[in-house]
Amino acid sequence: MSLLAVNNLGIATGGQDLVADLSFAIEPGQRLGLIGESGSGKSLTAMAITGLLPPAIVPRGSVTLDGVEVIGAPERKLNQLRGAASAVVFQEPLTALDPLMKLGNQLAEPLHRRFRREGRDLANIDAEIIALLERVSLPQPQRIANAYPYEVSGGQRQRVAIAMALACRPKLLIADEPTTALDVTTQAEILALLDSLVRDLGMALLFISHDLPVVSTIVDQVLVLRQGRMVETGPVKTVLGAPQHQYTQSLVAAARAFDSALGAS
């Protein structure tokens with residue numbers, strides 16, 4: 001059985017479809033890239049998978065995560081899935097971090113849930129916080145744990161956000177434009193970190209981006225969205241190396257032109 005199965009997913013508001021007839025699956029350990037221009041429905045799809053769509057935006061179809069139907073599930077069931085079945089790393093870590101709470105205390109919250117689920121001694125949470133910060137390659141983890149979000153850099157905040165996503169040991173990690181707000185050097189470091197964590201922990205990955213070169217470095221399969229509909233899917237080397245759909249061809253051409261312009265500058 002697939003870890004994630006999306007069948008005929010539709011997402012609408014005010015009678016207008018934002019996503020329509022979307023179907024795909026992710027197996028345990030698989031890496032899938034979801035690409036398309038801004039407004040193509042990538043983040044809405046991620047929100048539907050995690051049950052985070054706002055009330056005014058209505059999903060239909062089926063989303064099965066770790067054997068549980070997400071669409072129409074009560075909030076109690078969704079809370080059980082969040083963290084353990086899936087976790088999200090957002091584009092801007094400040095959206096996931098409380099600016100008025102120390103980073104260590106924020107990491108403690110999901111760890112409390114996991115420790116209770118596993119029947120572990122809560123007295124060991126402080127040590128687990130330091131271990132998580134070390135796992136995401138943060139120097140001076142004790143200092144980071146005692147800091148507020150505004151006291152660390154953007155790249156360090158994103159590493160903390162990744163640590164929070166890992167705290168409950170999810171089976172599926174959803175990374176929604178996780179490097180877009182970072183400089184090029186930090187972007188490369190975060191991508192390398194995600195790649196190693198997904199490999200070492202055996203997680204599946206849904207990587208959402210409009211940046212084709214970034215996607216090609218971290219996923220095996222790719223799905224192209226345009227105006228809320230899938231236009232092409234397959235192995236990343238095939239889809240981006242020899243795209244069949246005109247829209248995918250235009251995305252690849254734009255990415256190559258941008259790289260050429262950078263090389264000429």
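The values are calculated or read from the model by the stated rules, or taken from the named source; none is laboratory data. Everything numeric in this text was worked out from a predicted model, so none of it was measured. Every residue, glycine among them, receives a Cβ derived from its backbone with ideal geometry; neighbour counts consider all protein chains shown. These area figures cover heavy atoms from the full protein model, side chains too; ligands, DNA and RNA do not enter into them. Shrake-Rupley method; radii C 1.70, N 1.55, O 1.52, S 1.80 Å.
Distant-in-sequence amide contacts of residue 147, defined by a placed amide H-H separation under 5 Å and a gap of 5 or more residues or a different chain, comprise 103, 104.
Rounded to the nearest 10 square angstrom, residue 121 shows an accessible area of 90 square angstrom against a 1.4 Å probe.
Per residue, the chain exposes an accessible area of 47 Å² to a 1.4 Å probe, with every protein chain left in place. If you take the Cα centroid of segment 70-103 and the Cα centroid of segment 137-200, the two points sit 15 Å apart.
For segment 196-201, backbone phi angles converted through the Karplus equation (6.51, -1.76, 1.60; θ = phi - 60°) give residue-by-residue couplings of 5, 5, 4, 5, 5, 9 Hz, Gly and Pro being listed as x. Accessible area of segment 4-264 with a 1.4 Å probe: how many percent of it is carbon plus sulfur? Answer for segment 4-264 is 52 percent, counting heavy atoms of protein chains only. Surface calculation, 1.4 Å probe, protein heavy atoms: residue 184 sits at approximately 120 Å² accessible. For the chain, the relative contact order is 26 percent, taking Cα pairs closer than 8 Å that sit 6 or more residues apart in sequence and dividing their mean separation by the residue count.
About its Cα centre, the dipole of segment 78-145 is roughly 160 debye, where the only charges are +1 on Lys and Arg Cβ and -1 on Asp and Glu Cβ. Backbone phi angles across segment 112-125, fed through the Karplus curve with coefficients 6.51, -1.76 and 1.60 (θ = phi - 60°), yield HN-Hα couplings of 4, 4, 5, 5, 5, 4, 8, x, 8, 6, 5, 5, 8, 5 Hz in residue order; Gly and Pro are listed as x. Annotation: lysines with alpha-carbon distance below 27 angstrom to residue 42 (same-chain offsets under eight excluded): 77, 171, 237. Charge tally around residue 4: other residues with Cβ under 11 Å, Lys/Arg +1 each, Asp/Glu -1 each, net -1.
Near the amide H of residue 222, within less than 5 Å, lie the amide hydrogens of 33, 234, 236, all on another chain or at least 5 residues away, with H placed in the peptide plane.
What net charge is computed for the residues neighbouring residue 69, neighbours being all others with C-beta under 13 Å from the C-beta of residue 69, Lys and Arg scored +1, Asp and Glu -1? Net charge around residue 69: +1. Across the alpha-carbon atoms of the chain, the computed radius of gyration and Dmax are 18.7, 58 angstrom.
All other residues whose Cβ lies under 14 angstrom from that of residue 229 are scored, Lys and Arg at +1 and Asp and Glu at -1, for a net of -2.
Rounded to whole numbers, the Karplus 3J(HN,Hα) couplings from phi for segment 77-93 are 5, 5, 5, 5, 6, 5, x, 7, 8, 8, 8, 10, 10, 8, 4, 10, x Hz, using 6.51 cos²θ - 1.76 cosθ + 1.60 with θ = phi - 60°, and x at Gly and Pro.
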